[in-house]
Structures are given as structure tokens and as C-alpha cells.
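J.: One structure, as C-alpha cells, below. Some questions next.
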Amino acid sequence: MKIEKATRGYEAWLARHTSVIQPDLMHKHQAMAENAFSFLRATFYRWAQHWPEVCATLSKAPHVLAVGDLHVENFGTWRDAEGRLAWGVNDFDEAYPLSYANDLVRLSTSVVLAIRAEHLAFDPHAACEAILDGYRRSIEAGGKPFIIEEGHRWFAPLIDQQARNPTHFWQKLRELPATEDEPPRGAIKGLRSLLPVKDIEVRICHRVAGLGSLGKPRYVALAEWHGGPIAREAKAVVPSGCAWAEERSKPDLYGARLLKCAIRCPDPLFCVGGRWVVRRLSPECSRVELTGLPKPHDDFKLLHAMGWETANLHLASREQIKKIKAHLKHKPASWLIKAANAMLEATLADWSGWRNAESHSSKS
């Protein structure tokens, strides 16, 4: 199956699970043609097709509740109930029972692409080793959440980005267009549930963000409270692209289950309810972008931390940990970079096919 047919099939399936925003899908299609990293981020449904074929043996490794769509820009920060700044994976839209190796290989594949784009200055083989070492150590230690102020102060400069500057951040949100139609009741209910007071006056806006989730409804409630701005976002939740690839007739949702059991310092203003995931938006509650990282920075520590955090989430599947340890013990050297390169080859082939199709479409 070619990438164009796979995309049409997935988007038709998506439309059966939520109201699709067509202009956002068009924006996604354009972004997919721009560079291979954006293509990878936007096409987890295609990865779900390739994974059991390209990495057939690894796909049968011990299964966990996996992130699924893990990549180097699927990490961010939030404030916990005690006001501490925490860091970790911040998107669980594609959570699904998968081989533990899926998350490691997808993360590593995204790292190789980031290195090629010069967002990271690291040897791909060494990068995969850093991720795997962090993962092994976390599995052995039973995991531990990342609190920036305690033991990880080296990380603080990495989150000092222009996109997270308060003035820049709030100005960008204030420029969002107000919604023309009344948002679904579930979205409004979710947004209201996380606001500090029930009767606060809000402006509901449409937000275009991310890549993999483009096309899904996404609303932001903006308000002024006690002298400053606040924001909450509601994003539609649909089953993982893996359910589409496996042709499941009645797919489940797994994000909330993964969050509940993982080794994690919870975000008190992050909630999955019904068909909506609702969360606080603020300069300190957002993802960390590779292009905004200061230079130089310690790539080894960052990738090691990503591997550790991946294990924090896999530890939610506690019954599988002994099996994972045994599986890792018998894996040959360089297995991760070899698998990442294999999936990279499949991804680049699809990206080339997509660019050619988009080019022909624009000329016709």
C-alpha cells in the first residue's frame, strides 16, 4: 500500500471517530512534505503499518502499555500539585499495547532524523546507546520522575526557549481566532472543569498545533484571572492509529490507563474524560522544542533522560518488567540503531512518495 492510499484510509477512519477539521488536515499534508522529521511526527498510522513488518521479531517482544507515537519532541514540562517543575512525555494520544521496543525504536528513529537536521550534535550510534542506557537504568531502578529543581538542574537551561517566553506565549494565544461554531458539549464541559472558578468569562478559540493530531478538533479557553491570563485546552481523543492498522472494530482508549499507573509526578490540571483530553496551557506547561534548545547543550544527558522517562511509563506494565529485563539481556549489540535505521529507511521511502504525490497534485 502506498503512503497516499494509507493516508486516505486513515483519515476516512478518523472521520468516523471525530469531527475532522479539513483546513487543519490540509496544513498537515503540507507539513508532511516539508521535511522527514515532520513527516515522521505526522504519520504514526503509517508507522503502525510498517512496524510489525519491518521489525517483525522486535514487534513480538514483551508488550507494555506503550506511548506509541514517541519522538524527541513528545516531551515537555508541567507544574505538579506542589508547584514543582516536572519534565517528561506529554502526549498520550496514541497509547496502545505494543512491544516495549516500539517506543525505543521510534524515539531513536526520530533522534537520527534530528541529527540529520542538525538539531542534535551527536553520533547516531552513540545516541541510541544513550537512550538504551537510560532505559535500562530506569528499569533496574524501578524508575523515578524528573523534577527539574531536584537533581536535574542541568536541564533548566534547555527549557529557557523563546516559544516559552511569557510575553511571546500569551501574545500567540491571544491572537488565536475565536470559534465560529459552538464547540461540542463535552469540550466545553472539560474546559470548564479545569478552570479555577465556574463562572469566569472565557473566550473559546480554535488552535492549530502539533502534527500527528492535526485534523482533530482542538479548543482553547482564554480568560483573565487575578491580574493575568490563564488558558485551558481541550483536544479530541480517538483510538490509536494502531487500531486502524490492525483493523479493530471496537478499539479502546489507553492514555488515561497509562498515565494512572506510570512512574510519574502527575499534572493536576491534565485530565482525560470521555472523548476529550483537557490540560492547562502556560509557558511552563508545554512541550520542549528541539529548534529552541540552546547551543551547546548536553545531548547525552538529554537522550539518557528520554530513555529513562520511557521506562518510567513502561513500568506501568509491572507484570512485564522481568520479561523485558530478560529480553534486553539477550539482545545483541547495536540492535537499537539497526532497528531504527530499518524503520528510517521505510519512513524516508514514504516521505519521498508523499513529496512526489504532493508535487504532482500541486501542478495539476
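The values are calculated or read from the model by the stated rules, or taken from the named source; none is laboratory data. As the structure is a computational prediction, the values presented were derived from the model and not from experiment. Here the Cβ positions follow ideal geometry from the backbone for every residue, glycine too, while neighbour counts run over all protein chains shown.
J.: Checking the condition among the charged types (D, E, K, R) and either at pLDDT below 95 or in contact with a Pro (Cβ under 8 Å, 6 or more places away or on another chain) (or both), which residue from D299, D350 passes?
T.: D299
J.: Filtering the stretch 139-173 down to residues that are touching a Gly at 6+ places or on another chain (Cβ under 7 Å) and not in a loop (DSSP other than H, G, I, E, B), which residue is surrounded by the most Cβ atoms within 10 Å (Cβ to Cβ)?
T.: Selected residue: F146.
J.: Right, next: On the given criteria, is P251 farther than 17 Å from S193 by Cβ and part of a strand (DSSP E or B)?
T.: In short, no.
J.: Hey, D252 hits all of (1) of a type outside the set (A, V, I, L, M); (2) closer than 22 Å to P97 by Cβ; (3) modelled with pLDDT under 95; (4) surrounded by 15 or more Cβ atoms within 10 Å (Cβ to Cβ) but one; which does it fall short on?
T.: (4)
J.: Oh, and also: Just give me the residues in the stretch 179-219 being touching a His at 6+ places or on another chain (Cβ under 8 Å) and not in a loop (DSSP other than H, G, I, E, B), in sequence order.
T.: R218, Y219 - these are the residues of the stretch 179-219 that are touching a His at 6+ places or on another chain (Cβ under 8 Å) and not in a loop (DSSP other than H, G, I, E, B).
J.: Follow-up. Looking at (1) of a type outside the set (A, V, I, L, M, F, W, C); (2) closer than 19 Å to R79 by Cα; (3) in a helix (DSSP H, G or I); (4) in contact with a helix residue (DSSP H, G or I) (Cβ under 8 Å, 6 or more places away or on another chain), can you tell me which one K260 breaks?
T.: Evaluating K260 over (1) of a type outside the set (A, V, I, L, M, F, W, C); (2) closer than 19 Å to R79 by Cα; (3) in a helix (DSSP H, G or I); (4) in contact with a helix residue (DSSP H, G or I) (Cβ under 8 Å, 6 or more places away or on another chain) leaves (4) as the failure.
J.: Then there's this: Given A245, A209, which one is modelled with pLDDT of 95 or more and not aromatic (F, W, Y)?
T.: A245
J.: Check R106, R84 and return the single one that is in contact (Cβ under 8 Å) with a residue 24 or more places away in the chain and farther than 27 Å from P239 by Cβ.
T.: Unique residue meeting the criteria: R84.
Residues checked against (1) surrounded by fewer than 20 Cβ atoms within 10 Å (Cβ to Cβ); (2) in a helix (DSSP H, G or I); (3) touching a residue at least 40 places away in the same chain (Cβ under 8 Å):
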residue: P266; (1), (2), (3): yes, no, yes
residue: F300; (1), (2), (3): yes, yes, yes
residue: L303; (1), (2), (3): no, yes, yes
residue: N312; (1), (2), (3): no, yes, yes
residue: K322; (1), (2), (3): yes, yes, no
residue: L336; (1), (2), (3): no, yes, yes
residue: A340; (1), (2), (3): no, yes, yes
residue: M343; (1), (2), (3): no, yes, yes
residue: A346; (1), (2), (3): yes, yes, yes
